[in-house]
Amino acid sequence: LLFRVLASAEILIIPTVLMGGTLPVLARIFIRSVDNAGFRLGLIYGVNTLGGVIGCLLAGFAIIPLLGLNGTLLVGVVINTAVAILAYAAFAKTGMPGEELAPELSAPAAPVDSAMQERAARLARPMLFAFFMAGFLGLATEVVWTRMLLLNVDATAQAFAGMLGVYLLGLAIGSAVSGKLADKYDSVSCYGLLQVLIGVAMVVCMLAWSSLDWIRIPLWVIERSPSLLRNNAFYKLFACLAQSAALVFVPTFLMGFAFPFAGRFFASEIKSLGRRLGSAYMINTLGAMLGPLIWGFWCLPLLGIQNALLLTAAGAALSGAIVLAYVNRKWAVCGAVALCLIIASLAVLPEKVLAQSYQRRRGKVLHYEEDVDGSVAVLQTPQRGGD
């Protein structure tokens, strides 16, 4: 584990630190007023994430097969360089963002509502905790979902690319849709309620994905197509996206829907917007860093895919219920009930739900086991002309 973490850090830490620094900068450029902070944040996050959807699908299904890993990395380098050149060219004509915002920042501050300021200070800790948990559980669930998809998609890179593409698409659409709503409704209550709904959606989608035969139709059609079509990248993409959408889209749509509400809360003051949003985003990203490590190396081997996913759902509902307890007791009761139902499902649901779904598609499962590196199933499949 230590070697893998250090090796990953050596490759990723510098570029990802720079990537993380772009959100506060973009927010400071595009958000000029607190009144429309939710809408602008949702727009920025949605557009950026939509680019991530296109990038991961192209990389997983087209660029890596054509150019290999090194060629794909060079494509990324070229695109980032082009973005930097275009940005500096635009600022050379219009001036750097800090210059045009200087008069605004030097203007007298608007009167501060002491009651609102006290409420924001009281809710800061539960919101930061929930935002940390959103990053932690969001990326932990991504690991679990990828392992689930590998039961039905043969290639690891394509399973991850398909899952990540749908994951990012849900985030992009959700954040774009909820931007204006975040400026109209109480951001804290809505964010807590959405976290509870995310936990419920994870459980419902897992059961639907593993139990309902209609979700298997796209894969069934492709498996019975001629070999030429089954090897076609388009059909592989279609099968992977269909599987991923049934499992991932609804929870990630709610995750994206929740982001502008959190951003609206942390962007309550225009002068400190970059600092406050950057600090909150750092905490969220710290959770996103720890989630895959803990879930991938410990929870999955110890609990299995099914229980690990149910545990992430319970964590999301718990963080939402904690936030709701600070602002709305009626909604907090609903969140607590949802949390209890998810916890009860850990004991009520039969073991190996995913193995049973695999058995319906492939044949009788004689042995099924999961560990840190993957899942192994020993199957007894019907032979032609009899068993």
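The values are calculated or read from the model by the stated rules, or taken from the named source; none is laboratory data. This is a predicted model, so every value here is computed, not measured. When we count neighbours, we look across all protein chains shown, and the Cβ atoms used for this are built from the backbone with ideal geometry, even at glycine. Protein only, heavy atoms only, side chains kept; ligands, DNA and RNA dropped before computing areas. Shrake-Rupley method; radii C 1.70, N 1.55, O 1.52, S 1.80 Å.
For the stretch 9-45, how many residues are buried (at least 17 other Cβ atoms within 10 Å of the Cβ) and not small (Gly, Ala, Ser)?
13
Would you mind telling me which numbered condition in (1) modelled with pLDDT of 75 or more; (2) surrounded by 15 or more Cβ atoms within 10 Å (Cβ to Cβ) Tyr235 fails?
Only one criterion in (1) modelled with pLDDT of 75 or more; (2) surrounded by 15 or more Cβ atoms within 10 Å (Cβ to Cβ) is unmet by Tyr235, namely (1).
If a residue must be open to solvent by 30 Å² or more (accessible area, probe 1.4 Å), over 19 Å from the mean Cα position of the chain (by Cα) and in contact (Cβ under 8 Å) with a residue 12 or more places away in the chain, how many such residues does the stretch 56-69 contain?
4
Mind listing just one residue for me: the one in the stretch 327-341 that is of a type outside the set (A, V, I, L, M, F, W, C) and open to solvent by less than 70 Å² (accessible area, probe 1.4 Å) and, of those, nearest to the chain's Cα centre (by Cα)?
Per the criteria, the residue is Gly335.
Looking at the stretch 15-30, I want the residues that are within 17 Å of Phe91 (Cβ to Cβ) and free of Cβ contacts under 8 Å to residues at least 60 places away in the same chain and have a partner that is open to solvent by 60 Å² or more (accessible area, probe 1.4 Å) and assigned to a helix (DSSP H, G or I) with Cβ atoms under 7 Å, at least 6 apart or on another chain. Which pairs are those?
From the stretch 15-30, the pairs are Phe30/Arg40.
For the condition at pLDDT 75 or above and touching a Ser or Thr at 6+ places or on another chain (Cβ under 7 Å), what is the one hit in Ala59, Ala89, Ala9?
Ala59
Out of (1) at pLDDT below 80; (2) surrounded by 10 or more Cβ atoms within 10 Å (Cβ to Cβ); (3) not basic (Lys, Arg), the odd one out for Asn80 is which?
Exception for Asn80: condition (1).
Given the condition of a type in the set (Phe, Trp, Tyr), in contact with a Phe, Trp or Tyr (Cβ under 9 Å, 6 or more places away or on another chain) and either touching a residue at least 40 places away in the same chain (Cβ under 8 Å) or outside any loop (DSSP other than H, G, I, E, B) (or both), answer yes or no: does some residue in the stretch 44-55 qualify?
Scanning the stretch 44-55 turns up at least one residue that is of a type in the set (Phe, Trp, Tyr), in contact with a Phe, Trp or Tyr (Cβ under 9 Å, 6 or more places away or on another chain) and either touching a residue at least 40 places away in the same chain (Cβ under 8 Å) or outside any loop (DSSP other than H, G, I, E, B) (or both).
Determine whether the stretch 17-32 contains at least one residue that is touching an Asp or Glu at 6+ places or on another chain (Cβ under 9 Å) and not hydrophobic (A, V, I, L, M, F, W, C).
Yes, the stretch 17-32 contains at least one residue that is touching an Asp or Glu at 6+ places or on another chain (Cβ under 9 Å) and not hydrophobic (A, V, I, L, M, F, W, C).
Is it true that some residue in the stretch 313-326 is among the hydroxyl-bearing types (Ser, Thr, Tyr), part of a helix (DSSP H, G or I), open to solvent by 60 Å² or more (accessible area, probe 1.4 Å) and more than 23 Å from Thr49 (Cβ to Cβ)? Before you say what the answer is, go through the steps one by one.
Taking the stretch 313-326 as the starting set, the residues that turn out to be among the hydroxyl-bearing types (Ser, Thr, Tyr) are 319, 326.
With the extra rule that they be part of a helix (DSSP H, G or I), the set shrinks to 319, 326.
If we keep only those that are open to solvent by 60 Å² or more (accessible area, probe 1.4 Å) as well, we get 326.
The next check asks that each one be more than 23 Å from Thr49 (Cβ to Cβ); those that pass are 326.
There is at least one residue in the stretch 313-326 that is among the hydroxyl-bearing types (Ser, Thr, Tyr), part of a helix (DSSP H, G or I), open to solvent by 60 Å² or more (accessible area, probe 1.4 Å) and more than 23 Å from Thr49 (Cβ to Cβ).
Listed here are the residues, each with its yes/no results for (1) charged (D, E, K, R); (2) open to solvent by 20 Å² or more (accessible area, probe 1.4 Å); (3) touching a residue at least 40 places away in the same chain (Cβ under 8 Å).
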| position | (1), (2), (3) |
| --- | --- |
| Val248 | no, no, yes |
| Pro260 | no, no, yes |
| Gly263 | no, no, yes |
| Leu277 | no, no, yes |
| Leu290 | no, yes, yes |
| Phe297 | no, yes, yes |
| Leu302 | no, yes, no |
| Ala308 | no, no, yes |
| Leu311 | no, yes, no |
